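S.K.: Would you mind keeping the following structure in view while I ask a few things?
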């Protein structure tokens, strides 16, 4: 406890990534280094608007002495309409260095925190409509970690995002619900019989590679290829591991295929967890693209730090 | 009852379409006309192998007098491995006029029925694997209703089938799980918020048309377009009706796009229920294709009649 208090006294401000399912908060030094991290499962989806303030106090209260007021910069779904306080979207193309200036200030009873929620970014136009909340901060972070980078950035996940950056400028982006589609098809269609009790192992890897190759080769045939998972189990006795790998690879391959025209010659930053980033790097490698993995926490903190300075 | 008995005495044989969820049986005349129809919800998925015989007796027992034995020709999932008795697949390319000769004979205690289950058709080969059970009989029926027809046939549904026929020959086919994918995405992903309580009406039609156009234009971008449903609700306040229509149209458009290279110049037979067939005809019409709706019951009975004669 004594140690914790001592560290916290050095914290100059609080960085928060408040997502749909979880919440991560860091005490940050003046120089932008995280001094401590707190994690909670009180994501936006579980909270009414008036519950956000108390959750922050509970998570960090013992770490901030009375009498101080720390700037608390928040990115993510806390700024959604159904979150703490809506932070209206910036429109793409968007200057990400303007994120901090567009933050909104929700009310909080605990005077030790001065919370500001960063906006998400939306994209308008027929057939182009899209939204992000949280990833824009990681992209701002990337643009400070790799100053001047121009090209595509991939953020794989439940809702994968593909973005084209020109320095601090977010030119355009697109969402592929790859992780969520995998879950829905694997759990709630006839494919569930073929994926039952699937684990990891060499057959899964083999399935992944076959699926990626199929998805990349003909993303326009995705609608006709999903059933191949079931047919491969029935006709070739493919294992659950293989089928799970194939479905996952097929969706990732089709996601990459859908955005192939965005891929340039520069090595592609992939912002994500290590397992998923490695999988996407493998798939992107099959198109000849080089990738640079970027840790998602590093990108988030770099983005919140950059926004805090603007 | 007297009327029913009189009609039944004319029945020369029994035609049965035994699917996953339902069961339809018809008493057939010598000339291939249905004399009566019986429907039950005792589909394959609800029955253990030894329950099929009793279900048949119960559904038709009062319609077949003792002392007679009626040939009872069955198509569909009753012939699956987990059905009454497995009827091994014919391999595509397959001569559909051989369906009757490949039928299997399950055991039944009730001597008034002599059941035979028609096989399904499978397709082997890397990335081509596929299976059908039931549709092959409808395709045989079509080949007798439109003798010599060569070209693609579309059978829309929970699992849509696309088949290329040359007369009685089933050259190749492909399954698109369009109906089931719609249900899984609309009920078990973030899209459910945008589709909640969706009904029918002009906004649905508008959404369907926009979705079909998007799916047809770029089926290779399907993975990146599914989230547009959610974005359109958030950014443009699209109604649940519109969103449901858009998702449905997008998946149908992508299904057609995935099989576009199969479409020739001949008018395309669509075997299905009237609402779904009309929807597919509208979508196919947007590619310039002409369509001929074929009632699914008519095709099934024509197929079972043809198989009964071989």
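The values are calculated or read from the model by the stated rules, or taken from the named source; none is laboratory data. Quantities reported herein were computed from a predicted structural model and do not represent experimental measurements. FYI the Cβ positions are ideal-geometry reconstructions off the backbone, even for glycines, and counts take in every protein chain you see.
S.K.: Can you give me the number of residues within the stretch B:126-146 that are farther than 18 Å from residue B:264 by Cβ and either crowded, with 19+ Cβ neighbours inside 10 Å or more than 14 Å from chain A (Cβ to nearest Cβ) (or both)?
M.R.: 14
S.K.: Take the stretch A:47-64 and flag every residue that is assigned to a loop (DSSP other than H, G, I, E, B) and within 21 Å of residue A:308 (Cα to Cα). Give the steps one after another, and end with the answer.
M.R.: Of the residues in the stretch A:47-64, the ones assigned to a loop (DSSP other than H, G, I, E, B) are A:47-48, A:64.
A:64 - this is the single residue of the stretch A:47-64 that is assigned to a loop (DSSP other than H, G, I, E, B) and within 21 Å of residue A:308 (Cα to Cα).
S.K.: If you take the residues in the stretch A:171-180 that are within 14 Å of chain B (Cβ to nearest Cβ) and under 15 Å from residue A:95 (Cβ atoms), which one is surrounded by the most Cβ atoms within 10 Å (Cβ to Cβ)?
M.R.: A:173
S.K.: Which residues, counting only those in the stretch B:25-44, are part of a strand (DSSP E or B) and in contact (Cβ under 8 Å) with a residue 60 or more places away in the chain? Before the answer, list the steps.
M.R.: First pass over the stretch B:25-44, keeping only residues part of a strand (DSSP E or B): B:25-28, B:34-40.
Result: B:26, B:28, B:34.
S.K.: Within the stretch B:34-64, can you find the residues that are surrounded by 14 or more Cβ atoms within 10 Å (Cβ to Cβ), closer than 29 Å to residue B:144 by Cα and within 21 Å of the chain's Cα centre (by Cα)?
M.R.: Listed by number, the residues that qualify are B:34, B:38, B:40, B:43, B:44.
S.K.: Additional query: In the stretch A:110-125, how many are closer than 24 Å to residue A:298 by Cβ and within 14 Å of another protein chain (Cβ to nearest Cβ)?
M.R.: 3
S.K.: Hey, does the stretch B:225-244 have a residue that's under 24 Å from the mean Cα position of the chain (by Cα) and touching a residue at least 24 places away in the same chain (Cβ under 8 Å)?
M.R.: First, pick out the residues of the stretch B:225-244 that are under 24 Å from the mean Cα position of the chain (by Cα): B:244.
With the extra rule that they be touching a residue at least 24 places away in the same chain (Cβ under 8 Å), the set shrinks to B:244.
Scanning the stretch B:225-244 turns up at least one residue that is under 24 Å from the mean Cα position of the chain (by Cα) and touching a residue at least 24 places away in the same chain (Cβ under 8 Å).
S.K.: Restricting to the stretch A:65-86, name every residue that is under 17 Å from the mean Cα position of the chain (by Cα), in contact (Cβ under 8 Å) with a residue 60 or more places away in the chain and not in a helix (DSSP H, G or I).
M.R.: Within the stretch A:65-86, A:75, A:76 meet the criteria.
S.K.: Let me ask you something else. Can residue B:183 be described as part of a helix (DSSP H, G or I), surrounded by fewer than 19 Cβ atoms within 10 Å (Cβ to Cβ), within 9 Å of another protein chain (Cβ to nearest Cβ) and at pLDDT 95 or above?
M.R.: yes
Yes/no matrix, rows are residues, columns are (1) more than 15 Å from residue B:155 (Cβ to Cβ); (2) in contact with a helix residue (DSSP H, G or I) (Cβ under 8 Å, 6 or more places away or on another chain):
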position: B:83; (1), (2): yes, yes
position: B:114; (1), (2): yes, no
position: B:127; (1), (2): yes, yes
position: B:133; (1), (2): no, yes
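S.K.: For the stretch B:211-294, which fully contained helices (runs of 4 or more DSSP H) count at least 1 residues that are crowded, with 20+ Cβ neighbours inside 10 Å and within 11 Å of chain A (Cβ to nearest Cβ)? Talk me through it step by step, then tell me what you get.
M.R.: Details: elements: B:222-225, B:228-236, B:240-258, B:274-285.
Hits in the stretch B:211-294: B:222-225, B:228-236, B:240-258.
S.K.: Could you check the stretch A:107-124 and list, in sequence order, the residues that are surrounded by fewer than 22 Cβ atoms within 10 Å (Cβ to Cβ) and not in a strand (DSSP E or B)?
M.R.: Residues satisfying the conditions are A:107, A:108, A:109, A:110, A:111, A:112, A:124.
S.K.: Would you check which residues across the stretch A:87-106 are in a loop (DSSP other than H, G, I, E, B) and surrounded by fewer than 17 Cβ atoms within 10 Å (Cβ to Cβ) and list them?
M.R.: A:88, A:93, A:105 - these are the residues of the stretch A:87-106 that are in a loop (DSSP other than H, G, I, E, B) and surrounded by fewer than 17 Cβ atoms within 10 Å (Cβ to Cβ).
S.K.: Please verify whether the stretch A:154-170 includes one or more residues that are surrounded by 19 or more Cβ atoms within 10 Å (Cβ to Cβ), facing chain B (nearest Cβ under 9 Å) and under 20 Å from residue B:258 (Cα atoms).
M.R.: Within the stretch A:154-170, not a single residue is surrounded by 19 or more Cβ atoms within 10 Å (Cβ to Cβ), facing chain B (nearest Cβ under 9 Å) and under 20 Å from residue B:258 (Cα atoms).
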